[in-house]
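Below: one structure, written as structure tokens.
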Amino acid sequence: ELVGRTISDELCYSLTGDNSHYGAPKNGWGLDRLSGGSSSGSAAAVCAGLVDFALGTDCGGSVRVPSSYCGLLGLRTTHGRVPTPGLLRFARAFDCIGWFARDADVFARVGRVLLPDARESGTFKRVLIAADAFEAVEADIADALAPAIDTIAAQADEIQTISLADEGLACW
């Protein structure tokens, strides 16, 4: 069993990763770059190659931001999807466990451990197709996306065409 601890920003309350007492974890892509979010220490350790993967918590971006800043694969899971016994809570209604990895194979292997009952069939429960969004793009873009949408839709239990904005996307 390997357990490590990393630096977090103070009170897990920013997206920079900076801790006023200890500084910010160093981003392996450049020491002048932020590593981002309260799980930035975990991301920085993975980015630097110190570990193959690391766990993090995400309440408001604390896995998503560091993974993007450090060029990693990162996932914030759905609420309650990964058990949280022993987790020091920040915001019970929002806390989720996630993880970081540099390598897609490692990322997937961690996912199989943390999410063992994930659907293996490769199908989707439901696919929503935003018709008004496709009407707003140029025809060649919609045509380029059509085969991918057909492939995904063929694997769905339910396909539903929706409108994102009843008043039209132009007003957004």
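The values are calculated or read from the model by the stated rules, or taken from the named source; none is laboratory data. As the structure is a computational prediction, the values presented were derived from the model and not from experiment. As a convention, Cβ positions derive from the backbone with ideal geometry for all residues, glycine included, and neighbour counts pool all protein chains shown. Note: accessible area is taken over every heavy atom of the protein model, side chains too, but ligands, DNA and RNA are not part of it. Shrake-Rupley method; radii C 1.70, N 1.55, O 1.52, S 1.80 Å.
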Subset of region 122-155, residues under 30 Å from residue 112 (Cβ atoms), modelled with pLDDT of 85 or more and in a strand (DSSP E or B), comes to 126, 127, 128, 129
Filtering region 123-172 down to residues that are open to solvent by 70 Å² or more (accessible area, probe 1.4 Å) and aromatic (Phe, Trp, Tyr) yields 124, 172
Among strands (runs of 3 or more DSSP E) entirely within region 3-117, at least 1 residues that are open to solvent by less than 80 Å² (accessible area, probe 1.4 Å) and of a type in the set (D, E, K, R) occur in 53-58, 73-76
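For every residue, the table says whether it meets (1) free of Cβ contacts under 8 Å to residues at least 12 places away in the same chain; (2) touching a helix residue (DSSP H, G or I) at 6+ places or on another chain (Cβ under 8 Å); (3) not acidic (Asp, Glu).
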position: 70; (1), (2), (3): no, yes, yes
position: 78; (1), (2), (3): no, no, yes
position: 82; (1), (2), (3): no, yes, yes
position: 114; (1), (2), (3): no, no, yes
position: 134; (1), (2), (3): yes, yes, yes
Margin query: Taking the criterion of being under 18 Å from the mean Cα position of the chain (by Cα) and of a type in the set (Val, Ile, Thr), would at least one residue in region 92-104 satisfy it?
Written below: yes
